[in-house]
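Coordinate-derived values only; no laboratory data. Values in this document were obtained by computation on a predicted structure and should not be read as measured data. In this analysis, Cβ positions are derived from the backbone assuming ideal geometry, glycine residues included, and neighbour counts consider all displayed protein chains.
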Amino acid sequence: MSSKWFLVLQYLALFSVILFDQLEPRAADSSNIIRCIDEEREALLAFKQGLVDESGILSSWGREDEKRDCCGWRGVNCSNRTGHVYKLDLHILQVFPSPCLKGTISSSLLILQHLTYLDLSGNNFSGSSIPEFIGSLSKLSYLGLSNTEFAGPIPLQLGNLSRLQVLDIGFNSLISGENLEWLSHLSSLIYLDLSFSNLSKFSNWMQVLSKLDSLKALYLISCDLPPTIPSSDLYLNSSTSLEVIVILGNNLTDSIYPWLFNVSSNLVELINLGSNQLQGSIPEAFGHMPSLNTLFLASNQFREIPKSLGNMCNLKSLTLSYNTLRGDLSEIIQNLSDGCTKTSLAWLFLDSNEITGSLPNFGGFSSLKRLSIANNRLNGTINKSVGQLVKLESLFLHNNSLRGVISEAFLSNLSNLTILYLADNSLTLEFSHDWIPPFQLSQVNLGSCKIGPRFPKWLRNQNQILSLDISNSGISDTVPNWFWNQTYNLSFFNLSNNQIKGKLPNLSSRFHPYRPGIDISSNQFEGPIPQLPLNASFLNLSKNKFSGSISFLCSITGHKLDYIDLSNNLLSGRLPDCWSQFDSLAILNLANNSFFGKIPDSIGFLKNLQSLSLYNNRLTGELPSFFTNGSQLTLMDLGKNGLSGEIPTWIGEGLVNLVVLSLKSNKFNGSIPLQLCHLANVQILDLSSNNISGIIPKCFNNFTAMTHEKGSNLTLISNYYTSLAYDSLKTTKSYFDKAVLTWKGSQYEYQSTLGLVKILDLSSNKLGGEVPEEIMDLAGLIALNLSRNTLTGQITPKIGQLKSLDFLDLSRNQFFGSIPSSLSQLSRLSVMDLSYNNLSGKIPSGTQLQSFSTSMYAGNELCGLPLPNKCPDEDSAPGPGKDDAKTSEDEDQFITLGFYVSLILGFVVGFWGFCGTLLVKSSWRHRYYNFLTGVKNWFYVTAVVNIAKLQRRFRN
């Protein structure tokens, strides 16, 4: 649950205290001893007997003489006039996890027939139903059962409580029964909270509410209300007394507007329509509610802010965060400042939108206490007018493109400032060495601001800080002793990505007592890790020079620890065997250290673990049978250790959500278990560099995530829950998973694009047999490495189905036959190695395969480009050019050996025919003599030329 919900609940609590204080009858005067009624005392003790009170909340309750007066028991109030118990208030505030009551609610409470006030909120009734008999406590005017882990249907008997003014059963897991008509019987109801109840079946919820004429406050947070309101209900004569409407998180559309604006005349406190599906421009009608105090429209799809909002003269809080608001910030602020809103507005939240421009002049907003414009597209420098907002308590400008220098003069007038967020801009903080700020900050986030190289001395004056982030700020100093001596109250501490040196002191008692988080990663801290806070929520000490063991972990109150990253240090020793106490741990990263010995069995008790990396240590032995219930695990990297034995079958049977599985560079043997085929979500499977034998299972096409060409997410994110002292409700944090992968012959750590990588690496093992064609169904693969095995058979033509393939290594196997022509169709292929197999024949033509170096084909019997040896059917005679070659080819086809034989025979016959004639007749002899002399000369020249060509051809 995010911090914005906390604001809603804060208001709810304040409102209920003020509104319902008048409902209590006057308590007994402490000066008068009033003995409670025996029957009611026994009823209360029977009620206690049904509860589990591990923390002694009801320790004042008992039959002993000193405890007999039940009117003095904790949570019990008796009437000053009659002595009857009229109030039972055992609510537990959940601001921090507090001891609470468990068990069941006894029907003995029915004896308390004068009970008007019953509040058990914040206790834990473990999914049981709200008892139906509560509907028989007819005098109840206040019923508080919120946040008590109740589940199941809401009992219709609650409709019998006709005197009820407050019904608070929100923040449970309730389902409304057959209908909502029971609500309409509560005619005296002033306050109604059904938050987190399932009302999805009831489109007539407005009809029921219209009958509650006295209703002032309505809370329907995350009730799964139908998104569209029936047209018949839009203009109902709804309650005219409503002052607070909170319908947060229901996916409502703009069909809610007619009903909302029909009851708007009396809405003076709060309208909260956050986390719905409202879009377009914010309706002008909101500007016609001049009495409204708070307007909360966050987490919708609004794009424009109307000018009419500037006319809301009593508006103190305007929250429009997490929308798609666009436009220049100067225009937005101008619209708000044109009317009377600028003088009333105390809270303005415009963060997480698409607002552009620079910071405008805020000079007219004299009442502004909280200003948030973070997570937008702002640029330019910070307007000096912000420094003139003398009432300002909180300033959030982080995650923009602001630039420039922040000097002490800018902050000198902000004496009320308690929260300062300037992170992730291009800002430089320049303060004089002896500057003492006029404020006391509780939250400081200056990450990525230029602060160093010296550690900021001005923090010495700040002794109320709960949250401090000065990460990536160019500090290359040591942390001064004065800082460690005053950090007793920190709940969030981030010094990461600097060059801070030195050793850590004992920090076990220097932080806030409730779930502190520490991130000092990517620095140069050295020495052993000291004692840390015993109830830490997360620890990131990675990428430093810490040495020694990590036995200190066993002293931490483990069930509160969500995240541990000690990777990339000089740590050594055996892994501690106390992991069973870390039942909330979601991330464990101990990679790149020198831990040795076996993996302790107790790691298997980490039932909420999502990401585990023990990469590059010296761990040995077989994998214990852990994680059989680790269904949440998405990344497991045990690569580069000395682990042995067979790959356990439980990996495929129990870790069905795995996305990354790396067991590379170990000593695993045996065959690949068929159970791995159950890993439908796996995108990276790396079993390389082991002693695995047998064949590749045919069922690898069950890796469904690898069959899709496109990845679903750019990154792999493990979400974990934490709760810090300054943020009292449990919130979701994100950890970006990372893994070391071998890519194109080199090792890289992938993080920001890990979700797009799809790799199958079985290289450097002892696998044999043929490659199953089913692997060719993994169309999303970008890397396939089967090298250095004893695989045989032909390369299947179906390899052309791997359209996304960028890296292919089949080298050093026993593949035979020709290279399939379909391989040349893989247009994305940038690295390929087929060397040292038994391949033969011609390399298929195509620019893809001809672009690789000859070494990628070495150790085979291949021919054709890019190799220098030509295939036998290729013509290797050089020619001067294309045209010359064509002419020579034509001539060779015409001038053959038969042509020359015919030519000679024809010459002999013709010659003697003419010669015989000439011997008989002298006149012919003289004529033909001259003719034949010319013919002889022509034949002689022609024969000499052609014979020379013939000889040249046969020589070639």
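Sorted on the mean count of surrounding Cβ atoms within 10 Å across their residues, most packed first, peptides 327-338, 108-119, 632-643 read 632-643, 108-119, 327-338.
Put simply, when 805-814, 297-306 are sorted by average Cβ atoms within 10 angstrom per residue, most first, you get 805-814, 297-306. Distance from the C-alpha centroid of region 324-344 to that of region 510-553: 45 Å, rounded to the whole angstrom.
Over all other residues within a Cβ to Cβ distance under 10 Å of CYS78, the charged ones net out to +1, with Lys and Arg as +1 and Asp and Glu as -1.
Net charge within 9 Å of GLU243 by Cβ-Cβ distance, Lys/Arg positive one each and Asp/Glu negative one each, not counting GLU243 itself? Residues near GLU243 contribute 0 overall.
Local charge sum around ILE451 (other residues, Cβ-Cβ under 12 Å, Lys/Arg +1, Asp/Glu -1)? Combined, the nearby Lys, Arg, Asp and Glu give 0. For region 304-311, 3J(HN,Hα) computed residue by residue from phi via the Karplus equation (6.51, -1.76, 1.60; θ = phi - 60°) reads 9, 10, x, 5, 5, 5, x, 9 Hz, glycine and proline entered as x. With 24 Å as the limit, the listed pairs LYS598/LYS698; LYS607/LYS766; LYS667/LYS798; LYS67/LYS102; LYS766/LYS870; LYS139/LYS211 have LYS598/LYS698; LYS607/LYS766; LYS667/LYS798; LYS766/LYS870 beyond it between alpha carbons. With each label modelled as a point 7 angstrom along the Cα→C-beta vector, the SER107-TRP482 pair spans 6.9 nm. Using alpha carbon centroids, what distance separates region 62-111 and region 128-202, in Å? Centre-to-centre (Cα) distance: 21 Å.
Ordering of 54-67, 120-133 by packing is 120-133, 54-67, highest average first (other Cβ atoms within 10 Å, averaged per residue). With just the Cα atoms defining each centre, how far is region 691-705 from region 557-629? Give it in Å. Result: 28 Å between the Cα centres.
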